[in-house]
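Here the structure is laid out as structure tokens; the discussion comes afterwards.
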Amino acid sequence: MSHIVQLDPRSPDSQTLRRAAACLQEGKTVAFPTETFYALGVSAYHEPALQRVFAIKGRMFDKPLPLIIHGESMLEEIAVQIPECVRSLIRTFWPGPLTLIFKASEKIPPLLTASTGTVAVRDSSHPLARLLVKEAQMPITATSANLSGGASCDSAEAVDHQLGDRVDMIIDGGPAPGGLPSTIVDLTTSPPRIVREGAISSELLRPYLT
């Protein structure tokens with residue numbers, strides 16, 4: 001049985017939250033709820049931990065790992081060449097289910113980007129995801145907490161069923177909303193390109209992508 005801990009999104013226990021953040025800082029794996037599904041988190045900067053994510057999921061190394069951050073200052077650490085026109089897009093739709101692809105800074109390991117030189121980032125609107133990143137003080141991975149090709153998990157129990165004790169900690173924050181995944185927009189092209197339409201429609205985004 002994985003180490004499952006309970007955290008109330010409305011009033012999370014600060015000691016448990018600090019323990020989860022410490023796990024990430026130590027290079028361990030933590031599954032947590034987001035505004036879509038449960039995600040599998042490790043430090044964006046810890047290569048052995050990143051390797052574990054690929055091994056746990058059975059994920060191919062040619063598939064990059066997305067990140068979640070907390071605030072624009074953290075974005076500055078991991079992305080370069082952030083177009084000024086993107087700021088209004090960020091301030092309108094973050095935090096929320098919008099993943100943006102930027103050119104990656106030198107701080108990001110090539111393993112995470114699958115050697116593409118780009119990084120996919122979002123600022124999650126789920127309170128536990130936001131607090132976890134803020135407490136850990138670093139970007140963390142937000143790939144779905146499931147086996148590659150398996151069903152996305154909307155509960156801690158579903159994560160435990162698929163991944164079991166391969167995950168160091170599972171934060172049970174209640175059911176995740178599920179539904180559509182985040183919308184993905186590639187900002188490294190001109191004009192920006194919607195890679196995947198999800199929870200935020202192309203109609204809402206179009207005025208910001210011209």
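The values are calculated or read from the model by the stated rules, or taken from the named source; none is laboratory data. Owing to the predicted nature of the structure, the values given are computational and were not obtained by experimental measurement. Cβ coordinates were reconstructed from backbone atoms using ideal geometry, including for glycine residues, and neighbour counts include every protein chain displayed. Ligands, DNA and RNA are excluded from the accessible area calculation, which covers all protein heavy atoms including side chains. Shrake-Rupley method; radii C 1.70, N 1.55, O 1.52, S 1.80 Å.
Residue count for segment 162-210 satisfying the condition of being surrounded by fewer than 12 Cβ atoms within 10 Å (Cβ to Cβ), touching a residue at least 12 places away in the same chain (Cβ under 8 Å) and within 23 Å of Gln81 (Cβ to Cβ): 2.
Conditions (1) more than 13 Å from the chain's Cα centre (by Cα); (2) modelled with pLDDT under 95, marked per residue:
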| site | (1), (2) |
| --- | --- |
| Gly41 | no, no |
| Ile56 | yes, no |
| Ile82 | yes, yes |
| Arg91 | yes, yes |
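Among the residues of segment 55-67, those that are outside any helix (DSSP H, G or I) and either farther than 14 Å from Tyr45 by Cβ or open to solvent by 30 Å² or more (accessible area, probe 1.4 Å) (or both) comprise Gly58, Arg59, Met60, Phe61, Asp62, Lys63, Pro64, Pro66.
Would a scan of segment 180-188 turn up a residue that is farther than 28 Å from Ala151 by Cβ and either at pLDDT below 95 or not in a helix (DSSP H, G or I) (or both)? Looking through segment 180-188, at least one residue is farther than 28 Å from Ala151 by Cβ and either at pLDDT below 95 or not in a helix (DSSP H, G or I) (or both). For Met138, the conditions (1) closer than 28 Å to Ser202 by Cα; (2) in contact with a Ser or Thr (Cβ under 8 Å, 6 or more places away or on another chain) are fulfilled apart from (1). From the list Pro97, Pro109, the lone residue that is closer than 24 Å to Met60 by Cβ and touching an Asp or Glu at 6+ places or on another chain (Cβ under 6 Å) is Pro109. With respect to the conditions (1) open to solvent by 40 Å² or more (accessible area, probe 1.4 Å); (2) within 16 Å of the chain's Cα centre (by Cα), Gln15 falls short on a single one, namely (2).
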